[in-house]
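Let me begin by presenting the structure, written as structure tokens, before commenting on it.
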Amino acid sequence: MPVTRTPSDIAAVLIVRDEARSIARCLNSVSPWVDRIVVLDTGSTDDTVAIAQELGAEVHHLPWPESFAIARNHALTLADAEWNLVIDADEWIIGDGAAIREWCATAGDRLGAPCVHSEADTGTVQRTWMTRLLPRGVRYEGRVREQVASALPRHRIALDIGHDGDLAPQLARKMDRHWLLLLAELADRPDDAYLTYQLGKDAQMRGDLLSACDHYAQALAATPLDANWRHDLVINALHAFTKTGRLQEALTMNESEMANWPESPDYFFALGDLFLEAALAEPHRALDHWLPLAEGAWENCLTIGERPDLEGSVTGRGSFLAQYNLNIIRSGQATVAA
């Protein structure tokens with residue numbers, strides 16, 4: 001019998017495979033804020049399906065179609081809800097999710113973007129605003145790093161989502177699949193700056209910083225200044241160039257980019273790292289040139305403060321992380337001076 005939908009009908013929609021580690025956390029966090037949970041399993045061999053069913057989710061099955069967009073779109077079709085909260089099993093609602101119903105009741109023809117807080121192995125947390133609340137009929141495109149294909153306006157909402165899927169144990173099992181799909185997608189769209197940027201991020205996560213540098217340089221040349229991912233791209237490129245010793249390229253990039261990010265603590269944080277590496281490479285210029293520049297960059301971070309609104313910003317770069325670096329560099333200078 002067909003299910004009768006109401007304007008308030010909200011479904012949480014997931015595609016999953018072998019997510020027994022985290023799916024209960026995800027479903028328990030979303031269930032108070034949605035009407036239904038629709039799970040599309042693409043070939044789990046663990047207890048993912050049993051856990052989802054025990055927690056009241058509608059579970060469907062689809063052989064892995066070699067495309068995240070195809071899988072997500074199939075799940076959205078199965079949900080057939082007025083509103084869809086697209087979430088992954090390695091994510092969860094942080095705190096109060098009341099913004100979900102508030103948004104769906106008043107949004108009209110708009111897309112909602114909560115803030116996703118991604119944990120890293122370094123202990124830092126990166127903030128990314130991702131389009132996840134979709135009205136009926138909106139779909140995805142792209143084999144991997146799929147994007148919402150809609151001309152509807154996107155608006156940030158007061159909803160926080162945690163994410164631990166990029167920690168090493170979780171990342172290891174999916175990294176090769178993502179990389180191959182990215183290469184296939186780029187073969188179809190070789191001039192796509194966003195895909196090139198994502199190739200850089202994947203190379204960086206795999207520890208291949210040399211390849212990351214090349215992808216980031218190519219993406220920077222093709223990415224518009226107003227692209228919402230450019231801030232994250234610039235910070236990652238500075239980091240990759242610095243860590244591979246391509247200091248002159250990083251310094252040249254700084255000359256062209258600094259004017260674009262005067263209020264970004266993340267930018268000045270990366271700049272401080274660059275100046276510190278330059279001090280190590282040129283110790284004869286460290287005390288009177290590079291170390292004062294590094295100190296000034298991290299002081300700028302504290303002056304600006306935290307900027308969670310910036311895409312790809314990392315918690316602490318406008319506060320305790322910058323202060324920690326200042327404490328280290330000042331204690332080091334004192335030792336040298338003595």
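Name every residue in segment 241-268 that is surrounded by fewer than 17 Cβ atoms within 10 Å (Cβ to Cβ) and closer than 17 Å to Leu293 by Cα, in order of residue number.
Result: Gln248, Leu251, Thr252, Glu255, Met258, Ala259, Pro262.
Please specify each residue of segment 209-243 satisfying the condition of being at pLDDT below 95 and under 26 Å from Arg173 (Cβ atoms).
Listed by number, the list holds a single entry, Trp229.
Look through Thr6, Thr77 and report the one residue that is modelled with pLDDT under 95, surrounded by fewer than 16 Cβ atoms within 10 Å (Cβ to Cβ), farther than 18 Å from Arg173 by Cβ and over 22 Å from the mean Cα position of the chain (by Cα).
The match here is Thr6.
When segment 297-315 is examined, which residues are found to be in a helix (DSSP H, G or I) and either over 25 Å from Leu225 (Cβ atoms) or touching a residue at least 24 places away in the same chain (Cβ under 8 Å) (or both)?
Once the filter is applied, which keeps residues that are in a helix (DSSP H, G or I) and either over 25 Å from Leu225 (Cβ atoms) or touching a residue at least 24 places away in the same chain (Cβ under 8 Å) (or both), segment 297-315 yields Ala297, Trp298, Glu299, Asn300, Cys301, Leu302, Ile304.
Quick check on my filter: what residues within segment 88-105 are more than 19 Å from Leu152 (Cβ to Cβ), open to solvent by less than 20 Å² (accessible area, probe 1.4 Å) and among the β-branched types (Val, Ile, Thr)?
Within segment 88-105, just Ile93 meets the criteria.
Step by step: first the residues of segment 106-119, then only those that are open to solvent by 40 Å² or more (accessible area, probe 1.4 Å) and at pLDDT below 95, then the one that is farthest from Val34 (Cα to Cα). Which residue is that?
In this case the residue turns out to be Asp109.
Under 20 Å from Glu146 (Cβ atoms), modelled with pLDDT of 95 or more and open to solvent by less than 60 Å² (accessible area, probe 1.4 Å): is that true of Ser67 in this structure?
yes
Scanning segment 120-135 for residues that are surrounded by 15 or more Cβ atoms within 10 Å (Cβ to Cβ) and of a type outside the set (Val, Ile, Thr), which turns out farthest from Ser150 (Cα to Cα)?
Looking at residues that are surrounded by 15 or more Cβ atoms within 10 Å (Cβ to Cβ) and of a type outside the set (Val, Ile, Thr), I get Gln126.
Pick from Arg330, Arg285: which is part of a helix (DSSP H, G or I), open to solvent by 60 Å² or more (accessible area, probe 1.4 Å) and at pLDDT 95 or above?
Arg285
Conditions first: (1) part of a strand (DSSP E or B); (2) open to solvent by 40 Å² or more (accessible area, probe 1.4 Å). Ile37 passes all but one, so which condition is the exception?
With (1) part of a strand (DSSP E or B); (2) open to solvent by 40 Å² or more (accessible area, probe 1.4 Å) applied to Ile37, the lone miss is (2).
Taking Met205, is it open to solvent by 60 Å² or more (accessible area, probe 1.4 Å), at pLDDT 95 or above and of a type in the set (A, V, I, L, M, F, W, C)?
So Met205 does not fit the description; no.
What is the residue count in segment 182-211 for residues that are in a helix (DSSP H, G or I) and more than 18 Å from the chain's Cα centre (by Cα)?
Final tally of qualifying residues: 9.
Any residue at all in segment 297-314 that is touching an Asp or Glu at 6+ places or on another chain (Cβ under 8 Å), hydrophobic (A, V, I, L, M, F, W, C), open to solvent by 20 Å² or more (accessible area, probe 1.4 Å) and under 25 Å from His163 (Cα atoms)?
Yes - at least one qualifying residue is present in segment 297-314.
Being open to solvent by 10 Å² or more (accessible area, probe 1.4 Å), without any contact (Cβ under 8 Å) to a residue 40 or more places away in the chain and over 30 Å from Ala20 (Cα atoms): is that true of Ala151 here?
For Ala151, the condition - open to solvent by 10 Å² or more (accessible area, probe 1.4 Å), without any contact (Cβ under 8 Å) to a residue 40 or more places away in the chain and over 30 Å from Ala20 (Cα atoms) - is met.
Give the residue, chosen from Asp232, Asp226, Asp191, that is closer than 24 Å to Gly305 by Cα and surrounded by fewer than 14 Cβ atoms within 10 Å (Cβ to Cβ).
The unique qualifying residue is Asp226.
Take Thr242 and decide whether it is within 23 Å of the chain's Cα centre (by Cα), more than 20 Å from Glu311 (Cβ to Cβ) and assigned to a helix (DSSP H, G or I).
Yes, satisfied.
What's the total number of residues in segment 50-64 that are among the hydrophobic types (A, V, I, L, M, F, W, C), in contact (Cβ under 8 Å) with a residue 12 or more places away in the chain and either open to solvent by 30 Å² or more (accessible area, probe 1.4 Å) or assigned to a strand (DSSP E or B) (or both)?
Matching residues across segment 50-64 total 5.
The values are calculated or read from the model by the stated rules, or taken from the named source; none is laboratory data. Quick caveat, the model's predicted, so the values are computed rather than measured. Virtual Cβ from ideal backbone geometry, glycine too; neighbours counted across all protein chains shown. Surface accessibility is based on the protein's heavy atoms, side chains included, excluding ligands, DNA and RNA. Shrake-Rupley method; radii C 1.70, N 1.55, O 1.52, S 1.80 Å.
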